[in-house]
Amino acid sequence: SILPGNSFQPAGLPFGSYRIWGLSYSGNILAQVGDNAATTQLSDACYDLSNNFIPVTLQDVNGGEIAAVNGSVQALCVGDGDADAVSFSAAGASGASYVWVVTDSDGEEVLAVSNSNSIDFEGYASGTVLVWGLAYSGTLDAQPGQSVDAVLQSLECFDLSQNAVALNLTRTNGGEVSLVGGATSINVCTGDGISDELSFANNSDAAESYVYVVTDGNNNIIALSPS
């Protein structure tokens, strides 16, 4: 196109690379759409193309629709020392760069960014997290704790996936047990008519349910005590 003003709307053009030149001329413009600007006589009088051009790249950036490769993964037990890796796929995604973004349940805070589509949630805290796909161009500078909006606004072009995969993470921690008072072993004389009730404590930091398991010397369970 030849622009009589100083603005151009690239909507509708195919994705790819373009150049914007300036043209000084007298007489009438002869150039037509489809001509080669470097070899065509652009005016019937005098003319001169600018010494430089502005490169414009129209990019296809699409976050696509994501899913957990493992199937319908909804709940993970984290913090037990076993890997909790989940792999993700993105259908219809396109763009120069693509990453996976883990956010809080509101989709507002960045918890992690992964270049790999396999993410291990073992070290995460309890709660619900969302995993998104992000197609983008430019330089991504995302750190845990940042707001998602701030990260996206720093990019040239971006598109979040149409959906997010929600994962419920449960962290259990058996911790260490002791008798109330701190002792970690005791000898009990039974059958003497004196109560042998024992009271226990633990240092677990998990917010989940907790019981005490009584076993014999071979770890065979003989009792479960919710108190």
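The values are calculated or read from the model by the stated rules, or taken from the named source; none is laboratory data. In this text the structure is predicted, and so the values were computed from the model without any measurement. Neighbour counts run over all protein chains shown; Cβ positions are idealised from the backbone, glycine included. The area values use the complete protein model at the heavy-atom level, side chains included, leaving out ligands, DNA and RNA. Shrake-Rupley method; radii C 1.70, N 1.55, O 1.52, S 1.80 Å.
Using the 1.4 Å probe convention, the accessible area of segment 55-148 works out to 48 Å² per residue with neighbouring protein chains retained. Surface composition of the chain: carbon plus sulfur atoms contribute 48% of the solvent-accessible area (1.4 Å probe, protein chains only, all chains present). The alpha carbon centroids of segment 137-195 and segment 77-115 are separated by 16 Å. Determine, from the Cβ-Cβ distance of S195 and T170 and an R0 of 41 Å, the FRET efficiency 1/(1 + (r/R0)^6), rounded to the nearest 0.05. It comes out at approximately 0.65. Note on the chain: with a GNM built from Cα contacts shorter than 10 Å, the maximum mean-square fluctuation among V165, V110, V188 falls on V188.
Answer rounded, prolate or oblate for segment 102-221, using the Cα gyration tensor with square roots of eigenvalues a ≥ b ≥ c: rounded when a/c is under 1.5, else prolate when a/b is larger than b/c, else oblate.
prolate
Mean-square fluctuations from a GNM of the chain, with a 10 angstrom spring cutoff on Cα atoms, peak among G193, G145, G123 at G193. In the chain, a dipole from Cβ-located charges (positive for Lys and Arg, negative for Asp and Glu) runs towards its positive end, and of A68, T190, Y47 it is Y47 whose Cα lies farthest in that direction. Label positions at S225 and V56, each projected 7 Å from the Cα along the C-beta direction, are separated by 7.7 nm. When Lys and Arg each count +1 and Asp and Glu each count -1, what net charge do the other residues less than 15 Å away from C189, Cβ to Cβ, add up to? Summing Lys and Arg as +1 and Asp and Glu as -1 gives -3. From helices alone, the chain scores -500 deg cm²/dmol at 222 nm; the rule is -39500 (n - 2.57) for each run of n ≥ 4 DSSP H residues, then divide by the residue total.
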